[in-house]
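Everything on this sheet refers to the single structure shown next.
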Amino acid sequence: MDAELFPDRDVMPKRSYQKMWYLQEMMDGFMRENPHRKFIPRLAQPITKLQFHETFRQTSTPVIIPFDMLRNLGVVTKGWTLEELRNKFPYTPPQNGKLPLAYNHKSGYKDGLDFGPALYALEQDATLAKGEGSQRNFPRNLMIKSKYLQILEVSRPPFIPRRRFQPPTLWMGTSTADTRLHMDCCDNFVQMIAGTKRWFICPPQDARELLPIRCDGIHHSLCWASVKYPNANPLPSGDKAKLDKTSCFTIEIKAGEMLYLPAGWWHHIENVGPTVMVNMWTMGCENVAVALDKDPLRSDRPDLKKCPNIAQTTAAFLLK
């Protein structure tokens with residue numbers, strides 16, 4: 001499909017990068033050398049691990065992949081309706097109608113995690129309620145053990161080795177949930193289990209217009225844009241002026257689909273009704289090898305000195 005190219009950008013002065021993501025300058029150079037189109041493809045045929053690596057990871061290109069296009073790689077994840085999930089995890093609410101605050105940040109690592117109360121709260125489109133000790137009526141973002149992936153019938157993304165992923169995170173939200181505009185240091189694999197999320201996405205080189213107000217972490221690896229909510233109505237005039245200079249666009253990810261969002265891409269997320277989502281970020285040497293120039297098969301880069309075997313192990317995994 002034809003789509004307009006993101007506009008070329010002038011090289012910024014080095015001092016402009018001092019408070020940005022530590023790979024921002026290199027990413028800007030990569031995007032100048034490899035022009036991207038203002039479009040995210042949605043695959044309509046199965047893909048292999050090597051095809052995914054060469055077509056999307058090496059080029060820092062986002063892509064939407066229906067779960068059905070991953071059956072050849074052993075993926076069993078599927079899309080559910082909220083009603084189907086409620087039937088899978090039944091729950092009878094108390095007679096007083098008061099929902100329990102059954103979840104905290106440690107719940108995903110404990111045995112006996114029950115999704116029933118949370119799914120009931122989503123079905124009611126309940127407001128997120130908080131109590132003492134971070135207790136909530138449903139998990140907003142919850143790192144979970146692998147066994148809960150199995151209970152939810154969710155497969156890990158098949159494109160990189162399991163050990164190179166951070167722990168999976170379960171996200172549940174009602175129709176009012178959204179996330180401020182930001183970027184992450186890590187490649188992100190998002191699996192929509194139920195509902196639809198609307199993503200406002202900007203390429204890495206738009207950092208100069210979005211003017212991060214804060215970058216957290218030792219490598220400034222989580223950056224928050226000065227435009228917090230691009231969906232605000234009305235949109236402040238200052239925010240509109242900034243966004244008018246960007247190449248941002250909007251997509252929707254529906255139940256039954258996976259979004260691959262490479263490191264450095266800006267995104268704001270809002271729910272279109274209640275949703276259930278699982279995502280996994282890359283970690284460690286996988287980030288070092290991929291986030292710099294998106295090619296972990298090269299062995300001539302100085303950053304690989306910290307990860308001397310990643311080129312060989314990646315090649316072996318892709319060809320396995």
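The values are calculated or read from the model by the stated rules, or taken from the named source; none is laboratory data. These figures come from a predicted structure and were not determined experimentally. In this analysis, Cβ positions are derived from the backbone assuming ideal geometry, glycine residues included, and neighbour counts consider all displayed protein chains. To get the accessible areas, we keep the full protein, side chains included, count just its heavy atoms, and leave off ligands, DNA and RNA. Shrake-Rupley method; radii C 1.70, N 1.55, O 1.52, S 1.80 Å.
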Rounded to a whole %, the carbon-and-sulfur portion of the accessible area of the chain at a 1.4 Å probe is 52 percent
Helix-only [θ] at 222 nm, the chain, -39500 (n - 2.57) per DSSP H run of 4+, per residue, nearest 500, equals -5000 deg cm²/dmol
Given a 1.4 Å probe, the accessible area of segment 1-78 per residue, as a whole number of Å², is 58 Å²
Over segment 1-142, the quotient of the Cα radius of gyration and 2.2 N^0.38 Å is 1.55
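Can you pull a Stokes-Einstein diffusion coefficient for segment 221-290 at 25 °C (0.890 mPa s), Rh from Kirkwood over Cα pairs, as a whole number of µm²/s?
165 µm²/s
Could you please report the charge total around PHE67, scoring K, R as +1 and D, E as -1 over all other residues with beta-carbon less than 13 angstrom from its beta-carbon?
Here the count lands on +2.
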Here Rg/Rh (Cα, Kirkwood) for segment 157-224 equals 0.98
Placing +1 on each Lys and Arg Cβ and -1 on each Asp and Glu Cβ in segment 99-220, then taking the dipole about the Cα centre, the residue among TYR109, THR174, GLN205 whose Cα reaches farthest towards the positive end is TYR109
Where a ≥ b ≥ c are root eigenvalues of the Cα gyration tensor, a/c under 1.5 meaning rounded, otherwise prolate if a/b exceeds b/c and oblate otherwise, segment 120-171 counts as prolate
